[in-house]
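Please read the structure below before turning to the comments.
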Amino acid sequence: MNILVIGTGYVGTTMALIFCEMGHKVTGLDVDQDKLTSLQSGRLYFYEPGLEELLKKHIQSSQLRFTHDYAQAMKENSILFICVGTPMGEDGRADLSYVKNTANEIGKYMKSYKVIVDKSTVPVGTTEKVTEWIQESQVVKIPFDVVSNPEFLREGTALHDALHPNRIVVGTSSEKALKIMNQLYKDFSCPILETSPKAAELIKYAANSFLALKISYINEIARYCDTLCINVHDISKGIGLDERIGPQFLKAGIGYGGSCFPKDVNALLYSANKNNINLDVLETSVRLNEAQPFYFLDKITSILGDVKNKKMAVLGISFKPETDDIRESPAIKIIDQLLKLEATVKVHDPVAHINRDKAQQYSTVEETIDDTDAVIICTDWAQYKNLNWREMNKIMRSPYIFDGRNMLHPEEMKQLGFIYYGVGCC
Ligand code: UGA
């Protein structure tokens, strides 16, 4: 099949590459020339393990190419994937302007039947809107189908997730489009769930919101564990072994961040409100998540006292490991608050970069930790687990570790002479 992927971010680039792996010919389209130049030369402009190797492979074999030319790309491809961003608007709603522009361009250049597949995360009813936007801009009235096919891949493990999904959701009312989608996904062994477009759109928001909720729930339990001096890890394990609950997304910490959960939960709350529905549980979980970095900071200052002029080493900037994405990262909230409290902030991350003048970033953990009063772990990069902590203890001014991701073993750290605190493990 000839596939056009519009939008070359995490989702678009990953999907383009896995379709190449499946033997399809793929064109990646973007309006950002810098991104296209980078990708066409085989260089990934963001950090995502495993993608660059595949990018080079498929550029070399000419199975993949990049363009900004809608007219040509529309001529050559019959399945079009919309993978553009849907950022959060000021009032929490999903900003659909990129989706609208894309639909308008598709309409303008359509000369034959196309299946337009929406992979961008969009509110319920967007498939209908995309249909209208395409019709509005069509010069010639040609039939087409719009399908909702949400994506569930995670940053940091995008390739693995896209190649081995738990399920594929296809929302369409068109038999013809459904046949094409089933053909496209025929080599995947997971269930393919056929739904209405609206249900497919809501599944994506409901899935992300449920995962966000699970994190907020365990973080709330962690706060109670702090009071009772119980290790929340035992609770996560104890409840996670119940098959009805499951062990994933029960890691307590400084809260969730990233470009998806905060945006999608807010978009769902916004659209439910517009329909006169209050999603109370979700609303509370957002509040908890926003407060979680500050809860941890309060714990730190209650132990260290005033942090003014204290040297603090912050390990990890990205919102999770294996990505350089710092959008909505709880680490940034912690760094900003430390700076506000006039602490001296030294920062490290294996790939992400801090964009605060007053926080100095170092290239090694040793330099970052050297001569500091405390270490705060904000991102659970594996590298931090495998550090020679015995040696780290020797170069610190005082042996405080505040583990915002509960990634180190409290007892082991105590044996190494550290004064260790996690979230929900006192
Ligand atoms: C999330 C979903 O997991 C994907 O299924 C979805 O496709 C994606 O959003 C999206 O909508 O595009 P992602 O944001 O890449 O993926 O990362 P996650 O692994 O879900 O982590 C999100 C945040 O939750 C991170 O800050 C992470 O540190 C935090 N988290 C995760 C916890 O605090 N505790 C946990 O137990 C798990």
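The values are calculated or read from the model by the stated rules, or taken from the named source; none is laboratory data. Note that the coordinates shown come from a computational prediction; the quantities given were computed from them, not determined experimentally. As a convention, Cβ positions derive from the backbone with ideal geometry for all residues, glycine included, and neighbour counts pool all protein chains shown. For accessibility, only protein heavy atoms count, side chains too; no ligands or nucleic acids. Shrake-Rupley method; radii C 1.70, N 1.55, O 1.52, S 1.80 Å.
Here is how the numbers come out for the structure above:
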read-out: Residue satisfying all of: in the stretch 215-248; among the polar types (S, T, N, Q) and open to solvent by 60 Å² or more (accessible area, probe 1.4 Å); farthest from the ligand (Cβ to nearest atom) among these; value: Thr227
read-out: Selection status of Thr102, away from the ligand (no atom under 16 Å from the Cβ), closer than 27 Å to Tyr205 by Cβ, assigned by TED's automatic domain parsing to the domain that holds Ile134 and of a type in the set (Val, Ile, Thr); value: yes
read-out: So Glu136, is it surrounded by fewer than 16 Cβ atoms within 10 Å (Cβ to Cβ), assigned to a helix (DSSP H, G or I) and free of Cβ contacts under 8 Å to residues at least 40 places away in the same chain; value: yes
read-out: Breaking point among (1) within 23 Å of the chain's Cα centre (by Cα); (2) more than 16 Å from the ligand (Cβ to nearest atom), for Val307; value: (1)
read-out: Cβ pairs under 9 Å, 6+ apart, first in the stretch 214-235 and over 14 Å from Thr284 (Cβ atoms), second acidic (Asp, Glu) and part of a helix (DSSP H, G or I); value: Cys225/Asp234; Val232/Asp226
read-out: Neighbours by Cβ (under 6 Å, 6+ apart or cross-chain): first from the stretch 249-264, near the ligand (Cβ under 6 Å from one of its atoms); second among the charged types (D, E, K, R); value: Phe249/Lys214; Gly253/Arg405; Gly257/Glu328; Gly258/Glu328
read-out: Count of residues meeting criterion [surrounded by 15 or more Cβ atoms within 10 Å (Cβ to Cβ) and within 22 Å of the chain's Cα centre (by Cα)] in the stretch 362-382; value: 5
read-out: Residue match in the stretch 106-123 (condition: under 25 Å from Asn273 (Cβ atoms), open to solvent by less than 50 Å² (accessible area, probe 1.4 Å) and part of a helix (DSSP H, G or I)); value: no
read-out: Scope the stretch 384-410; condition within 19 Å of Ile334 (Cβ to Cβ) and within 16 Å of the ligand (Cβ to nearest atom); matching residues; value: Tyr384, Phe402, Asp403, Gly404, Arg405, Asn406, Met407, Leu408
read-out: Condition met for Lys204 (basic (Lys, Arg), open to solvent by 40 Å² or more (accessible area, probe 1.4 Å), more than 17 Å from Tyr295 (Cβ to Cβ) and not assigned by TED's automatic domain parsing to the domain that holds Lys320); value: no
